[in-house]
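The values are calculated or read from the model by the stated rules, or taken from the named source; none is laboratory data. Just so you know, these numbers come straight off a predicted model, no measurement behind them. Note that we place each Cβ from the backbone using ideal geometry, even for glycine, and neighbour counts take in every protein chain shown. Side chains included, ligands, DNA and RNA excluded: accessible areas come from the protein's heavy atoms. Shrake-Rupley method; radii C 1.70, N 1.55, O 1.52, S 1.80 Å.
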Amino acid sequence: LLQNFAMSLPTTSPTREPSTAAPTPSMPTTSQPTLGPASTTRPTVTAVPIQPTTQAPTPTADSVPTANPTQFSPDPAATSQPTAPPAVTQSPVPATTAQPTIVTAGPTTSPSRSFSPTVAPTKSCLEGRTREQYLTDVISQLTPPSLFLDVATPQGRSFDHLLTNDPYLTNPCKPTLLQRYILTTVYFATNGETWTNMEGWLGAEQECSWRGLTCGNPSNPALVTDFVLENNNIDGQLPNEISALSSLRGLNVFANSIRGSLPEDLGNLTNLELLDLSENLITGEAIPSSVYQLSGLQVYRIGGNQVEGMIDPDIEMLRSLRELSAPASGLSGRIPTQIGELAFLESLQLNENSLIGAIPSELGKIGLKDLRLNQNFLQESIPSELYNVGSLTSLRLHTNFLFGTIATTIGQLTNLVTLRIEDNDLSGELPQGISMLVNLEEFAFSGNFLSGEIPDVFAGYTSLASFDASRNFFSGRIPATLFDIPTIRLVYMSNCTIGGTIPPNYGDPPNLRDLYLDGNLITGTVPPISPGKLLNLNEFLVQRTDLDGSMPQSVCDLRLEGILDDLWSDCGGANPEIVCDFPDCCNRCFEGGLPVRRVM
């Protein structure tokens, strides 16, 4: 726990230089244009983040308990460690319940000290001191005077505001004075004057009424527990003082323009459960050492910044972690095997980095739901242990250098909704076990070296929308049961060397939009469709095949009615293999010839 700062304050203060700063400008009444990253869309995740604590009524100075002014009681809910994986919406925070002995001390000059951000008033908090001396004595226990007495710094502007302009501090003996200083420092450090919405900030009310802040500490309702200001044009570096908000459980600044590295004492926020820093301009380490100290952290998001680094084996210290989201975060090196110690981990998103080596088999020990390792430089085979994680709903391993075969036990992943293994070096046959993956909505295995027949086992599928088998070395026929799936929209089978004829039921799916059969060994003719069929078909590609005959009028009618945008076939040259009017029916004609074949 953070140290509670001493209540016996010195009666003398460092000399403060006369303020030359102009009065704090009034806050604009109109919203400023949002700056920061172009993309403000949060990546889709499966794990549910910690729900913010319900905001308590704004407390007054008289409503804050003062029976024991020198020490705070810990949150009772934070004194025990769950013995089984709790639901994501629960918020027990493992913590040590023993409090350190409170020692009377003078001002410190070290900015790395951590304190509980409250001062319980005595009957006469000034004790003969001036207002300036009192504020100096309190704030110097967190920030060196050389910093907050300089009005050119955010800390100095905060001190000057509290001293001369704060309408709430007509009486400085407030129980959350230090908390107010910290939050005011955050405001000045991140150009609060230009935030999109700064309702309440620096106003005449207690901090709990400021926009984006929630107070709900059971032992002290005046303490901030959640800081949530998403997409608010916050522009600047988070000051180290924010690390002293000891009751903070959630810090969410998604989609702003936070700059610089993370506060060095961030690890002092021992009650923190959710830390969302994604889509900002943060630099430095993606997962700095201070984050590994947050043993109660359940959600960590850092994607979409300008960070870099490696995942340290100390990742195993985050035993409460449920979601680790670090896509496009400059991560390199190997995924440490210690990640398998995170028993509660449900979502691991490390996509679009430069990770190398093998996928740790230890991931097979975790009840993962969402695993995204795509677009890295991972090698070796897919670990067989991964096929035992029946809780998986999304498995994205595409665009790596994985080799080996796909095990039949893939059929154990019956909860999968998304399976993407395209653009690797996988070989062998597609196993019959895929018949068990009936909950799939997206199935992509293109761009590999798979061979043999595609099993015609899709009769039990009820939700599949996208199927991509392109750029492989299959034999056999197009699986007809694929077109029995009522939800199928996208069928991509280009250049996969498949043969046979086009199944006559290809016109049955009511939602079919794209059908790519080009570059294959398909023979026969294009079957006609019944009236009212394929009314959503937008692209139908059958060029570079062995098809012959004439394009059915029922298909051409889709072009004439403006439904079908692209119909490509081998209707070019002096002796076209398919008779198709150009451009009224086929809008692009190719010279007949052998299909394009990939070299294995």
Checklist line | Filter result (touching a Gly at 6+ places or on another chain (Cβ under 8 Å) and open to solvent by 20 Å² or more (accessible area, probe 1.4 Å)) within the stretch 533-547 | finding: K533, R544
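For every residue, the table says whether it meets (1) without any contact (Cβ under 8 Å) to a residue 40 or more places away in the chain; (2) of a type outside the set (G, A, S); (3) in contact with a helix residue (DSSP H, G or I) (Cβ under 9 Å, 6 or more places away or on another chain).
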{"position": "L229", "(1), (2), (3)": "yes, yes, no"}
{"position": "Q237", "(1), (2), (3)": "no, yes, yes"}
{"position": "L248", "(1), (2), (3)": "yes, yes, yes"}
{"position": "L266", "(1), (2), (3)": "yes, yes, yes"}
{"position": "D276", "(1), (2), (3)": "no, yes, no"}
Notebook entry, point to check: If you take the residues in the stretch 360-385 that are part of a loop (DSSP other than H, G, I, E, B) and among the hydrophobic types (A, V, I, L, M, F, W, C), which one is farthest from L450 (Cα to Cα)?
Noted result: I366
Check: Looking at (1) under 23 Å from D423 (Cα atoms); (2) small (G, A, S); (3) in contact with a Gly (Cβ under 6 Å, 6 or more places away or on another chain), which is the one condition that is false for G330?
Finding: (3)
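Conditions tested, residue by residue: (1) of a type in the set (A, V, I, L, M, F, W, C); (2) in a loop (DSSP other than H, G, I, E, B); (3) over 22 Å from T501 (Cβ atoms).
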{"position": "Y387", "(1), (2), (3)": "no, no, yes"}
{"position": "S391", "(1), (2), (3)": "no, yes, yes"}
{"position": "H398", "(1), (2), (3)": "no, yes, yes"}
{"position": "F467", "(1), (2), (3)": "yes, no, no"}
{"position": "F474", "(1), (2), (3)": "yes, no, no"}
Check: Does F540 meet the test of being assigned to a strand (DSSP E or B) and either without any contact (Cβ under 8 Å) to a residue 40 or more places away in the chain or in contact with a Pro (Cβ under 8 Å, 6 or more places away or on another chain) (or both)?
Finding: yes
Notebook entry, point to check: Counting just the residues of the stretch 227-273 that are over 15 Å from N305 (Cβ atoms) and touching a Lys or Arg at 6+ places or on another chain (Cβ under 6 Å), which one comes out most open to solvent (accessible area, probe 1.4 Å)?
Noted result: N271
Checklist line | Members of the stretch 559-581 found to be open to solvent by less than 40 Å² (accessible area, probe 1.4 Å), in a loop (DSSP other than H, G, I, E, B) and closer than 20 Å to N520 by Cα, listed by number | finding: C580
Check: Within the stretch 139-180, how many residues are aromatic (F, W, Y), touching a Ser or Thr at 6+ places or on another chain (Cβ under 9 Å) and either open to solvent by 10 Å² or more (accessible area, probe 1.4 Å) or under 21 Å from E127 (Cα atoms) (or both)?
Finding: 1
Checklist line | Hey, T523 free of Cβ contacts under 8 Å to residues at least 60 places away in the same chain, within 23 Å of G452 (Cβ to Cβ), β-branched (V, I, T) and open to solvent by 50 Å² or more (accessible area, probe 1.4 Å) or not | finding: yes
Checklist line | Only listed residue being open to solvent by 60 Å² or more (accessible area, probe 1.4 Å), in contact (Cβ under 8 Å) with a residue 40 or more places away in the chain and among the charged types (D, E, K, R), chosen from R588, R513 | finding: R588
Check: Is it fair to say F445 is buried (at least 19 other Cβ atoms within 10 Å of the Cβ) and either at pLDDT below 95 or over 21 Å from V542 (Cα atoms) (or both)?
Finding: no
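To keep it simple, each residue is scored yes or no on (1) under 22 Å from G411 (Cα atoms); (2) assigned to a loop (DSSP other than H, G, I, E, B).
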{"site": "V438", "(1), (2)": "yes, yes"}
{"site": "D456", "(1), (2)": "yes, yes"}
{"site": "G460", "(1), (2)": "yes, yes"}
{"site": "L464", "(1), (2)": "yes, yes"}
{"site": "S470", "(1), (2)": "yes, yes"}
{"site": "T481", "(1), (2)": "yes, no"}
{"site": "T497", "(1), (2)": "no, yes"}
{"site": "I502", "(1), (2)": "no, yes"}
{"site": "L515", "(1), (2)": "no, no"}
Check: Can you tell which of A286, A328 is on the phi > 0 side of the Ramachandran plot and hydrophobic (A, V, I, L, M, F, W, C)?
Finding: A328
